[in-house]
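Here is the structure we will look at, set down as structure tokens.
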Amino acid sequence: MSEDMHEAGRPPVAPDGEGTEVEGQIRRISDKLQLLLKQRDLLLKENGKLKDELRKSREEHSDKARRLEQLQQQVEILGVTKAAMSEGEKKELEKRLGQYIREIDRCIALLGE
């Protein structure tokens, strides 16, 4: 057995008791790895929170878009009821009302599934 190798093929321990330079490097790498794993866990948690916040924001946006459409329809209806309608405007109103009724029927059918 050579003088450079100790039991089971391991390099000898330094006289100061701290181990070899390789062991020190391994320890530093292990410490850095632990730090990176902790940072990864924190980032995963933050990512989850941000995804949840994004989902909520999208839901709010969708709700507000629906509300805006409803208000626009109400404004249009109020405008129609205030003014005298021509025959063409009456037909257009009937057409739009028919579309709204079909849309309502479709929503009811989806709810019934």
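For every residue, the table says whether it meets (1) assigned to a loop (DSSP other than H, G, I, E, B); (2) modelled with pLDDT of 95 or more; (3) in contact with a Leu (Cβ under 6 Å, 6 or more places away or on another chain); (4) surrounded by 10 or more Cβ atoms within 10 Å (Cβ to Cβ).
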site	(1), (2), (3), (4)
Asp4	yes, no, no, no
Pro12	yes, no, no, yes
Arg28	no, yes, no, yes
Leu43	no, yes, no, yes
Asn47	no, yes, no, yes
Arg67	no, no, no, yes
Gly88	no, no, no, no
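Please verify whether Ser62 is at pLDDT 90 or above, of a type in the set (S, T, N, Q) and assigned to a helix (DSSP H, G or I), treating the condition exactly as stated. Full working, then the answer.
On the way: at pLDDT 90 or above: no; of a type in the set (S, T, N, Q): yes; assigned to a helix (DSSP H, G or I): yes.
In short, no.
The values are calculated or read from the model by the stated rules, or taken from the named source; none is laboratory data. Since the model is a prediction, treat every value here as computed from it, not as a measurement. Glycine gets a Cβ as well: all are built from the backbone with ideal geometry, and neighbour counts include every protein chain shown.
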